[in-house]
Structure formats: structure tokens, C-alpha cells
């Protein structure tokens, strides 16, 4: 049987050499893996002939298959080929080519040839599904490649940085570390006692951090914190939410302030929960503190950075909106009822929702690292907030499901308690003034485009 062939081509605003180098670095594979795919990287081989990359791929719930690809036909700066040695296909060959179009542009071409298992029958029944799956995947991959390269390109003349990252295994942290690595930077995990053996270790519960381990970093990005929406709030859970932000952030900042050579920059997560429920009020970074538990938490969280500020470290407090990602966070929790066709507005649907695509969170964190004029509070939200009714309607359109089953306010309160009013029903019309004023260009300024990208729902 002759192989099936698919080709995907994009023009990129960087050189072929730069594009090849990006693919060769750690982190690129993770940046190219769509969030809806279940793939685990066991070993990533260098882009040299004979090197192998080993994956585990989920074929069905509970069923995983080992996939081994060997690199061949590698030409530095121009191309490499992945040949399946072991895996789900009878034959699989993937040629990556980077053709110069000018000093700062190139053509990226992915050419696939494959033979499905099962002979003629397998090809007859599987070719359509495989083609759709592959087209969906490469639409995502080419968008990620272009946007990541565009983000790194203006700063190639700067020295690569060594960056300490807390919360590095979380939804945002893992994506951010992969982004940094693929750009040539060196992210280092800040681990708790039961965390990974590599990286830097501390124990916030005991208030201990080995100062010597924190030396030598150019910047620190602090993303760790107890999940606010991880369950119903009770006094114990609220205390954990507050402590994980105030206590841990203060310990980190006091440790950084004692260093012989402290980092130049601290980028610390915060949240638009700072503003509380504000109805129709338009909120930029100058808006005053709101009322309630979340505003109080955000206030002490940001104030805990004072030891770093007093030590001369530039501090940016990134007030995150609702992060849209295909493999975690709020969107993953919302999807099941919507996919079953029983999704709908929360309450009357009039409340404003300050959302942001995960790749714009990554972009904003990188922007804060690279722009010395950016300090203090920074709203990390899309330029156009959406009312809950608009979000509901857009999500339904993207996944092709009806959205006719609203959740009354009293039902949300019964299900989630205090959290319902503070998160689900609160209205926050937030704008990213500091980001736009300092020249940040959003990858996904429109809600529908963001949802289609993270969910792999290419518009037909």
C-alpha cells in the first residue's frame, strides 16, 4: 500500500536558522503538543542523525502506546526528518523543512507520509479521522511556532537569562518554562520538600529557604499558590488560600532581599480578584481595592512583595483574569456540561468576565521580564472582556452545542457556596492598560479565536 501524504506550509517572520534552532531546544516539543492530545515525553533526542525521541501516546482511556522516532536527514538550519521506529503506524515519516525567503523570513513546511494499520480496511475506515486529527494538530503547531518565534525575536541580542520559577509544574508554570527553554533561557524550578530532586528547594510551611541556593538568578517568576477554585470555601480552606500567597510570597521576597546579588526582576502572580464585584465599572490598574475575601487576599499577596521592592528589585504584580486553556483551569471544568448540551448562562449572564488565553499569560509574563519600565500592578486580561452570556454563546458555537440551560444564582450558591458569588457571579470589566501602553500585542484579542485555538476547533 502506498503511503498517504499531507503537507502543511507557513511563512514565518524569522530566519530559517532561527526556526531550526527553536525546534532543537528543550521545551519546543511541549510548546508544539496540542493541549487536547495525551502525550508524555520520555526522552528528547538532539537533532542529529540517529538520535531518538521517545514518547508515550494515549490511544484510548487507559491504553498507552510507546512511540519511538529516529532523526534522519538532518541539515543544520534547514531540515530534519522523524522516522517511526516503533509506534501506532505501519509507516510514518515526518520531514520538517525551513526554506529561507529572505534575511528575516522563511517557509516552514511539514510533510507527512504514513500508512495506517489494518491494511485496506484500516485505511478505508481510518483515513478520514486521521486526516482531520492531523490537520487540527498542525494548525495548532504552526500557530504556536509563529507566535513563539515572534515573541522571542526582538530580544535575541540580549543575554539569555537564568530564571527561578515557582509553581513550575502547574498549568501556567509548565507552559511558561517550556516557552523559556525554547527561547534559549534556563528556567529552574523552585520546589517544596516533596517536589522534584532538581532545582532549588524551600519549605514555606516551616519558613525555611537556603539563601545560597537562590544566588545567581537574573529574574524570579512566582506563580505558586493554593487553587482558589479547588473546592468549597470553609475557614480552613480560606486560611490555606491566604497563607499560600501572603506567607510564601513574603518568605521568597525576604530571601531574595538578603542575597549578595539579588535578581533584577520579580514577576509575581496576582489576580483580578483584587477589584471584587464591580458591576459595570471599567477597571484599569488605577482602580481601588474591592471588598471581600478575594480582594483582601490579593492585597496581602501584593504587599508581601515589599521586601523585594525595598531591596531594589523591580516587581511586577500580574493580575490574572480567567485563564483559558485546553488542558486545565476554568475551561476544563466548564466543558463537560457544555459538551453534553446542558451548558448555559450563570445567573442572568450580564456579569463581565475578564478572560485571557493561556498563551497571552505566557506572553505577558515574558513581556514583564523584558520591559524594565513595567512594575507594580499589571492587568493580564484580553483587551475585550465578555459578558457571561457572550462567553456562553461563543463557547457553544465553537464546540457546536446548544446553550439553553442557565444555572440560576441560587443553584450556584447551593453548589459552590461563597465561592459562587466571589468568582462565578462577580462582574469585573477589566482592561489591560499597562500591557497595551508598553506595547504588548495580544495573540488572542478575540474570545472566539482563543477558544478555537486552545480547543483545536478550527473554523470550517
Quiz item: Using the alpha carbon gyration tensor of segment 4-154, what are the three equivalent-ellipsoid semi-axes (square root of 5 times each eigenvalue), largest first, in whole Å?
Solution: 27, 16, 15
Quiz item: Mean separation of Cα pairs under 8 Å and 6+ residues apart, divided by the residue count of segment 4-154: what relative contact order is that in percent?
Solution: 27 percent
Practice problem: Find the Cα radius of gyration of segment 97-140, compare it with 2.2 N^0.38 Å by division, and give the number to two decimals. | Solution: 1.65
Quiz item: Roughly what angle does helix 358-370 make with the longest principal axis of the chain, taking Cα atoms, 0 to 90 degrees, to the nearest 10?
Solution: 70 degrees
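Quick one: length gained pulling residue 49 to residue 350 fully straight, 0.36 nm per residue minus the C-alpha distance?
Result for the pair: 102.6 nm of gain on full extension.
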Quiz item: To two decimal places, what compactness ratio does the chain give when its Cα radius of gyration is scaled by 2.2 N^0.38 Å?
Solution: 1.02
Self-check item: Among 122-128, 421-427, the order from most to least packed when residues are scored by Cβ within 10 Å on average
Solution: 421-427, 122-128
Quiz item: Of the listed peptides 366-378, 399-411, 176-188, what is their order by residue-averaged count of other C-beta atoms within 10 Å, with the highest listed first?
Solution: 176-188, 366-378, 399-411
Exercise. Write down the radius of gyration of segment 152-219 and its Dmax, each obtained from C-alpha positions, in Å.
Key: 13.1, 42
Quiz item: Rg and Dmax of segment 264-377, using alpha carbons, in Å: what are they?
Solution: 16.4, 54
Self-check item: Estimated distance in nm for a label pair at residue 65 and residue 130, the labels positioned 7 Å out from Cα along Cα-to-Cβ
Solution: 0.9 nm
Exercise. Using a 10 Å cut-off on Cβ atoms, rank the peptides 227-237, 386-396 from the highest mean neighbour count down.
Key: 386-396, 227-237
Quiz item: Kirkwood hydrodynamic radius for segment 130-243: how many Å is it when counted over pairs of different Cα atoms?
Solution: 16.8 Å
Self-check item: Contour minus Cα-Cα distance for residue 10 and residue 299 (0.36 nm per residue)
Solution: 99.5 nm
Quiz item: What is the helix-to-structure angle for 119-152, meaning the angle in degrees between its Cα long axis and the longest Cα principal axis of the chain, kept from 0 to 90 and rounded to the nearest 10?
Solution: 50 degrees
Quiz prompt | Part-to-part distance (alpha-carbon centres) for segment 53-93 and segment 165-186, which is given in Å | solution = 24 Å
Quiz item: For segment 115-159, what is the Kirkwood hydrodynamic radius in Å, using each pair of distinct C-alpha atoms?
Solution: 13.1 Å
Exercise. Would you mind calculating the relative contact order of segment 160-455 from Cα pairs under 8 angstrom and at least 6 residues apart, reporting the percent as a whole number?
Key: 19 percent
Practice problem: Return one number: the angle in degrees, 0 to 90 and rounded to the nearest 10, between the long axis of the Cα atoms of helix 235-257 and the longest principal axis of the Cα atoms of the chain. | Solution: 80 degrees
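Throughout, read-outs are computed from the coordinates displayed, never taken from laboratory work. None of these values were measured; they are calculated from a predicted model. Glycine also receives a Cβ, built like all others from the backbone with ideal geometry; neighbour counts cover every protein chain displayed.
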